[in-house]
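**Student:** Right, I'll just put the structure down here and ask away after.
The values are calculated or read from the model by the stated rules, or taken from the named source; none is laboratory data. Since the structure is predicted, the reported quantities are computational estimates derived from the model, not experimental observations. We place every Cβ from the backbone using ideal geometry, glycine too, and count neighbours over all the protein chains shown. The accessibility values were calculated without ligands, DNA or RNA, using every heavy atom of the protein model including side chains. Shrake-Rupley method; radii C 1.70, N 1.55, O 1.52, S 1.80 Å.
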Amino acid sequence: DEDSYPEITFGSADSRIHLLDVYGSPLPGWPLELPAKLHWQPSQLSLGGNSGYGLVCALVTTRIYVLSLEGMILPGWPINTGYPSGSIPVTADIDADGLADIIFATYNDRLYVVSSSGGRIEGWPFFLDSRSTRGAVAIGHLDPDITGLQLAISCIDGSVILINGSGSIAGKWRWPNV
């Protein structure tokens with residue numbers, strides 16, 4: 001909430017999302033009840049400009065929500081991927097438009113990148129060879145010849161796949177992750 005004090009957010013078994021201040025008190029508008037429990041912990045999303053931050057919430061269903069810090073569902077959300085999220089949603093500006101995007105895998109062997117407004121991004125989703133392992137997608141600049149971000153994801157078949165921000169595989173970049 002940009003008050004220079006940390007907050008903590010989590011989901012509970014009663015399908016509520018909690019946002020607490022540093023003293024353990026709920027922020028105004030919280031807790032918020034969603035239609036199902038969280039599958040992963042919420043992730044912070046920068047909404048750009050003076051819009052502040054939001055929370056990305058992947059439910060145990062096939063839906064992903066983005067909530068404002070006031071506890072409101074943001075326009076364009078929830079989205080329905082048809083499959084539950086297979087990884088913790090993470091955020092970064094993948095398409096270099098100056099706004100954060102949301103990255104997550106699903107249980108149908110796909111890696112998604114969607115805009116902060118819930119819109120589709122050209123080139124995504126990326127079809128993985130195997131389902132992702134439980135965890136998060138790693139994001140960074142691995143190849144100095146590539147200007148955009150790259151995504152690395154570990155799959156159940158023991159491979160790690162590196163994907164360019166455009167949604168294409170980075171060369172033949174798969175290797176066993178023994």
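**Student:** For G135, enumerate residues with amide H under 5 Å from its amide H, sequence gap 5+ or separate chain, H modeled in the peptide plane.
**Tutor:** HN-HN under 5 Å from G135: I88.
**Student:** Summarise the accessible area of the stretch 92-138 (1.4 Å probe, protein heavy atoms) by the percent that is carbon and sulfur.
**Tutor:** In the stretch 92-138, the share of accessible area belonging to carbon and sulfur is 49 percent.
**Student:** May I ask you to evaluate 6.51 cos²θ - 1.76 cosθ + 1.60, the Karplus curve with θ = phi - 60°, for each residue of the stretch 136-152 and list the ³J(HN,Hα) values in order in whole Hz, giving x for glycine and proline?
**Tutor:** Values per residue, Gly and Pro as x: 10, 7, 8, 10, x, 10, 9, 9, x, 7, 10, 7, x, 6, 10, 10, 10 Hz.
**Student:** Please check: in the Gaussian network model of the chain (C-alpha springs, under 10 Å), which one of N108, N80, N50 has the largest mean-square fluctuation.
**Tutor:** N50
**Student:** Then there's this: Kirkwood hydrodynamic radius (Cα pairs, Å) of the stretch 35-127?
**Tutor:** 13.0 Å
**Student:** With every protein chain present, what is the per residue accessible area of the chain (1.4 Å probe, Å²)?
**Tutor:** Accessible surface, normalised per residue, equals 50 Å².
**Student:** Okay, next question. On average, how much area does the Cα convex hull of the stretch 81-178 cover when viewed from any direction, in nm²?
**Tutor:** Across all orientations, the stretch 81-178 yields a mean hull projection of 5.9 nm².
**Student:** Mean-square fluctuation check for the chain, GNM, Cα pairs under 10 Å: which of A36, A13, A92 is largest?
**Tutor:** Most flexible of the set in this elastic network: A13.
**Student:** List the pair-distance distribution P(r) of the chain, using every Cα-Cα distance, as the percent of pairs falling in each 10 Å bin from 0 up to the bin containing the longest distance, rounded to whole percents.
**Tutor:** Bin by bin from 0 Å, the calculated values are 10, 37, 34, 16, 3.
**Student:** Name the residue, out of L74, L55, L111, whose mean-square fluctuation peaks in a Gaussian network model built on the chain with Cα pairs under 10 Å.
**Tutor:** L74
**Student:** Oh, and also: Calculate one ³J(HN,Hα) per residue across the stretch 31-39 by plugging θ = phi - 60° into the Karplus curve 6.51 cos²θ - 1.76 cosθ + 1.60, and present them in order as whole Hz with x for glycine and proline.
**Tutor:** The phi angles translate into x, 10, 9, 10, x, 7, 5, 6, 8 Hz.
**Student:** Just flag the chymotrypsin sites (Phe, Trp or Tyr not before Pro) in the stretch 19-113 sitting in loop per DSSP whose Cβ has no more than 15 other Cβ atoms within 10 Å.
**Tutor:** Sparse-neighbourhood loop chymotrypsin sites (Phe, Trp or Tyr not before Pro): Y23, Y107.
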